[in-house]
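Take a look at the structure set out below.
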Amino acid sequence: EVLVVTAGVDVQADRLEVVFVGFGRENQVFVLGNTVIWGRPEDNETWIECDELLKSTWQHPNGGTLRVDAAGIDSGDGGRVDFVNAFTKPRFSRKIVSVKGASGFSRPIIEKSHSKGSLLFIVGVDSVKMRIQAGLTHGTIKLSADLEARSFDELCSERLQTKYTRGQPTRQWVRIPGRRAEILDSLGYGIAVRNILTVDLARRETEMTSVAAPRSTMPTVIKSAWLNR
């Protein structure tokens, strides 16, 4: 059912957390796999490995070849923004972009920064988390059974609460104590960058029945086996 693949990358002090996300014809979302690239974002080797990972291809069950159509890489930490931008800028034509989360339920899921000359995309994290919660609740987001156990905990690491400020109610996502959220954030970035793509899904479906595209010789490093089914 997957016709489009994106990746969301959350940047941590000692690693990159990568989630691969698939999309079907009816905009179904499939959390296909997750992997960790160990290494500091200040180190060039970390980004070399990330680049190779984002070049991965997989044979579609119908005979064609799937590849990463877009990737969003977190540049929200001010201390690492230069390293992220140095990686994404020369790969902009591959739709590998820097993203930064911003709160506000009225924000769109993603929009290009209004700063002149900027290649940054702003992700409306409140909106995308609402979509993830709804998708998990109603079954429109499918999870690979081969995801690490921690992935399921992290996907449910925040809950929506209403707080009152000067008598006015405001909604906000609150982290459950003791839980991490890298997988949740990465999934959000992967879902968001789907919206910067214009894909003719009928044509893509036809392409997936073709065996003309070369198969990758790169070893699969994704921990989920979903893409190989």
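The values are calculated or read from the model by the stated rules, or taken from the named source; none is laboratory data. Everything numeric here is computed off the predicted structure, so don't read it as measured data. No Cβ is skipped: glycine too gets one built from the backbone with ideal geometry, and neighbour counts run over all protein chains shown. Each accessible area value is taken on the protein alone, full model and side chains, heavy atoms only, with ligands, DNA and RNA left out. Shrake-Rupley method; radii C 1.70, N 1.55, O 1.52, S 1.80 Å.
Summary table below
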quantity	calculated
Residues Phe152 and Arg91, FRET efficiency given R0 of 22 Å [Cβ-Cβ distance, rounded to 0.05]	0.10
Rg over Rh [alpha-carbon atoms, Kirkwood Rh] for the stretch 119-197	1.01
For the stretch 132-210: accessible area per residue (Å², 1.4 Å)	58
Rg followed by Dmax, in Å, when the stretch 140-185 is reduced to its Cα trace	14.0, 46
Burial ranking of peptide ranges 84-93, 1-10 (average Cβ count within 10 Å, highest at the top)	1-10, 84-93
Portion, in percent, of the accessible area of the stretch 61-134 that falls on carbon or sulfur, probe 1.4 Å	52
Sequence-distant residues sharing a close amide H with Leu32 (under 5 Å, placed H)	Phe20, Val21, Gly22
Under Karplus coefficients 6.51, -1.76 and 1.60, residue-wise ³J(HN,Hα) of the stretch 193-205 in Hz, glycine/proline x	6, 4, 7, 9, 9, 10, 10, 7, 5, 5, 5, 4, 4
Protection-proxy order for peptides 108-116, 25-33, 139-147, each taking the mean of Cβ atoms within 10 Å per residue, highest first	25-33, 139-147, 108-116
Estimated vicinal HN-Hα couplings, Hz - the stretch 155-162 in sequence order (Karplus 6.51, -1.76, 1.60; Gly, Pro = x)	5, 10, 8, 10, 10, 7, 10, 9
Helix-only [θ]222 nm of the chain, DSSP H runs n ≥ 4, -39500 (n - 2.57) each, per residue, nearest 500	-7500 deg cm²/dmol
Charged-residue dipole, Cβ positions (Lys, Arg, Asp, Glu), the stretch 64-118 about Cα centre, Debye nearest 20	200
³J(HN,Hα), Karplus 6.51/-1.76/1.60, whole Hz, each residue of the stretch 39-48, x for Gly, Pro	x, 6, x, 7, 9, 4, 4, 4, 6, 4
